[in-house]
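The values are calculated or read from the model by the stated rules, or taken from the named source; none is laboratory data. Note that the structure is predicted; figures quoted are calculated from it, not measured. Virtual Cβ from ideal backbone geometry, glycine too; neighbours counted across all protein chains shown.
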């Protein structure tokens, strides 16, 4: 089991919380005055072919007080470079459960095809948070995300154990979940940090 606690000092993250689910698309959203949390869990699209899908099952994006804390890096390119295309759609580019460099869906089927080995599904979605699972690593991996007054707790089950991690504030959280590829602000563009 792996557990990460993100601490967000300030008022209650849950105050005025609303939820919206798009299960056919595989997107679960939480919003409040301070919080934006999106969780990816569901079909990969195009009748299981993938098309624009990424290996982002159970990944999340997080913004608090209007600032990005955990972001998806985007797509970068579709066809010009299969290497870069796969780097941006790999599990490593997302805040998703990871296992020893393995991918939860095959990336070698072509630029607009993604294996649907994960078969992700939502287990619960309510005001306290989200729980879902996938089978992309050949075993069940479950992720729960619990929204507390001043923290968000992410627990991954079905993976090798690790020491609990506690992240305080935006900088620590962004650094911990930083993907190995730079953010892409548009097709064929990579944001370069100077």
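Okay, here's what the table says:
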| quantity | calculated |
| --- | --- |
| Any hit, the stretch 74-84, residues being under 22 Å from residue 186 (Cβ atoms), crowded, with 19+ Cβ neighbours inside 10 Å, touching a strand residue (DSSP E or B) at 6+ places or on another chain (Cβ under 7 Å) and modelled with pLDDT under 95 | no |
| So residue 183, is it crowded, with 16+ Cβ neighbours inside 10 Å and either on the phi > 0 side of the Ramachandran plot or modelled with pLDDT under 95 (or both) | yes |
| Residue in the stretch 93-113 that is touching a strand residue (DSSP E or B) at 6+ places or on another chain (Cβ under 6 Å), in a strand (DSSP E or B) and without any contact (Cβ under 8 Å) to a residue 24 or more places away in the chain present | no |
| Which listed residue, of 143, 170, is under 18 Å from the mean Cα position of the chain (by Cα), farther than 28 Å from residue 25 by Cα and either at pLDDT 95 or above or surrounded by 14 or more Cβ atoms within 10 Å (Cβ to Cβ) (or both) | 170 |
| Pair list, Cβ under 9 Å, 6 or more apart: the stretch 39-50 residue at negative phi and buried (at least 16 other Cβ atoms within 10 Å of the Cβ), other residue assigned to a strand (DSSP E or B) and modelled with pLDDT under 75 | 44/50 |
| Residue match in the stretch 153-163 (condition: under 16 Å from residue 69 (Cβ atoms), in a strand (DSSP E or B), at pLDDT 95 or above and within 16 Å of the chain's Cα centre (by Cα)) | yes |
| The listed residue being at pLDDT 95 or above, within 18 Å of the chain's Cα centre (by Cα) and loosely packed, with under 14 Cβ neighbours inside 10 Å, out of 175, 131 | 175 |
